[in-house]
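Asks: Before anything else, here's the structure in question.
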Amino acid sequence: MTISDDYFADTRETVGKAAIRLHALGISIEQAAHQIGYATSSDLRKWLARRGLECPWPPSRAFPHRGRPQIKITDKVLDDYCALRLGGAMASEACSILGHSERSIYSALKNRRPGVRLPRVASRRTTNKQTRHRVQG
């Protein structure tokens, strides 16, 4: 017998209804999972998902799968980025000043302001190899 069958046999209540009831009482998903008989809250979430039931608790933030939580890039950030770039700053410098990655700002610009054209700023660093090549060429 499964945990859900055992729980139903003992209480005459399905795991889905129990989850909704426990959530309404303000009990955390971890405590609810242990009361129902699951070892972890993840097991309870999986059981609900397999049955097509929506989990009443918000998504787990304990183990984010995609690194740090994303900070929304506002219109002010895009305005500041454009001003910095038009002022002569390189993309990497502008992004580090604003505290966002180049990729996130670039994708936000392309999605929200497709017509914006910024100057292409060449790298200010030249390696010895490039300098020697220019002298010989």
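Computed from the coordinates by the stated procedures, all read-outs in this text should not be read as laboratory data. Quick caveat: nothing in here was measured; it's all calculated off a predicted structure. Every residue, glycine as well, gets a Cβ built from its backbone with ideal geometry; the counts of neighbours run over all protein chains shown.
Asks: If neighbour count is taken as other Cβ atoms inside 10 Å, put VAL116, VAL15 in order from fewest to most. Show your work: numbers first, answer last.
Replies: Details: VAL116 12, VAL15 24.
Lowest to highest Cβ neighbour count: VAL116, VAL15.
Asks: Run the Debye formula on the Cα coordinates of the range 3-50, all scatterers equal and no solvent, and tell me log10 I(q)/I(0) at q = 0.16, 0.20 1/Å.
Replies: The Cα Debye sum returns log10 ratios of -0.36, -0.57.
Asks: Taking the Cα centre of the range 3-50 as the origin and placing charges on Cβ (Lys, Arg +1; Asp, Glu -1), which of ALA9, SER28, ALA39 is farthest toward the positive end of the dipole?
Replies: SER28
Asks: Which of rounded, prolate or oblate describes the range 67-120 when judged by the alpha-carbon gyration tensor and an a/c cut-off of 1.5? All intermediate terms of the calculation are to be shown ahead of the outcome.
Replies: Working: a/c = 1.84, a/b = 1.29, b/c = 1.42.
The shape class here is oblate.
Asks: Karplus couplings for the range 15-25 from phi (6.51 cos²θ - 1.76 cosθ + 1.60, θ = phi - 60°), rounded to Hz, Gly and Pro as x?
Replies: Per residue, the Karplus-derived 3J(HN,Hα) values read 5, x, 5, 5, 4, 5, 5, 5, 5, 5, 7 Hz.
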